[in-house]
1. Could I have the simple spin-label model distance between Glu165 and Arg79, label points 7 Å from Cα toward Cβ, reported in nm to one decimal?
2. Lysine pairs, Cα distance under 19 Å, 8 or more residues apart or cross-chain: how many in the chain?
3. Leaving ligands, DNA and RNA out of it, rank Trp17, Trp190 by accessible area with a 1.4 Å probe, largest first.
4. With only alpha-carbon atoms in the gyration tensor, what are the semi-axes of the equivalent ellipsoid for segment 1-121, in Å, largest first?
5. Ranked from highest to lowest mean number of other Cβ atoms within 10 Å per residue, what is the order of the peptides 154-167, 104-117, 30-43?
6. What does the extension gain come out to for Glu94 and Gln127, with contour length at 0.36 nm per residue minus their alpha carbon separation?
7. I'm checking a number: the convex hull volume of the Cα atoms of segment 95-151, normalised per residue, in Å³. What is it?
8. Once you charge only the Cβ atoms, +1 for Lys and Arg and -1 for Asp and Glu, what is the size of the charge dipole of the chain about its Cα centre, to the nearest 20 debye?
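The values are calculated or read from the model by the stated rules, or taken from the named source; none is laboratory data. Source: prediction; values computed, not measured. Because the Cβ atoms are built from the backbone with ideal geometry, glycine has one as well, and the counts that use them run over all protein chains shown. Accessible surface areas use protein heavy atoms only, side chains included; no ligands, DNA or RNA. Shrake-Rupley method; radii C 1.70, N 1.55, O 1.52, S 1.80 Å.
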Amino acid sequence: MTNITLLKSNDFQVSDWSGGKTKQLYLFPPTGHYGKREFDYRLSTATVELAESQFSDLSSFHRILMSLDHTLHLHNASRQEETVLAPFTPYFFEGSDSITSRGTCTDFNLIYSDHYQGQMLAISDGQELSRDEAIQFIYALGDLMVTGTDLPSLNLETGQLLIVEKETQETELQIMFSSNQPTGAPLAIWAGLTHIPTK
């Protein structure tokens with residue numbers, strides 16, 4: 001069985017962070033608290049408005065970051081590495097990493113605990129996706145239609161978030177994306193989480 005939830009813009013929480021504004025798209029569990037670091041995973045998008053900013057300390061969590069519009073220059077002092085992050089390219093790092101970001105953009109973030117393994121990628125028009133992650137998110141960058149196995153045909157508007165939760169991870173979810181938007185830029189961001197069994 002597959003559970004489907006569609007969230008709209010008025011379902012999201014917007015707040016300030018040191019470098020701009022952040023929009024919390026989803027937090028699990030719903031009773032969790034991001035500020036207290038009491039949650040399993042969090043999906044968000046944020047504006048980076050300063051020419052140089054420092055990433056928040058999220059020790060004991062893992063992170064994936066993607067720019068939705070402009071190139072970022074990341075200095076990871078913990079790894080002693082420099083990364084030129086092109087738009088729609090996922091960057092995996094630890095929440096405890098000391099990172100300085102140079103450049104302004106709107107970004108997309110997935111933060112998750114040790115109980116999960118995360119993935120993220122950009123989706124183009126006409127692309128078919130076959131994934132077996134138990135929890136899958138589709139964030140619409142433009143108006144699009146999503147169809148798939150165990151899914152009704154769904155029309156997503158820009159800025160809406162589709163959450164697909166499978167009760168059995170053995171079955172792959174086949175998803176097809178289509179739109180009448182001009183081709184070129186990605187239609188959506190897909191993120192997925194696999195639960196890691198406790199040993």
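1. The answer from the label model is 3.1 nm.
2. Details: Lys8/Lys21; Lys8/Lys23; Lys21/Lys36; Lys23/Lys36.
Summing the qualifying lysine pairs gives 4.
3. Working: Trp17 60, Trp190 0 Å².
Descending accessible area places them as Trp17, Trp190.
4. Values: eigenvalues 107, 54, 41 Å².
The equivalent ellipsoid of segment 1-121 has semi-axes of 23, 16, 14 Å.
5. Values: 154-167: 17.5, 104-117: 19.4, 30-43: 14.6.
Descending mean neighbour count gives 104-117, 154-167, 30-43.
6. Details: separation 33, 0.36 × 33 = 11.88 nm, distance 2.98 nm.
That pair, Glu94 and Gln127, stretches by 8.9 nm at full extension.
7. Working: hull volume 6.8 nm³, N = 57.
Hull volume normalised by residue count: 119 Å³.
8. Numbers: 12 positive and 25 negative charges, 69 e Å.
Dipole size: approximately 340 debye.
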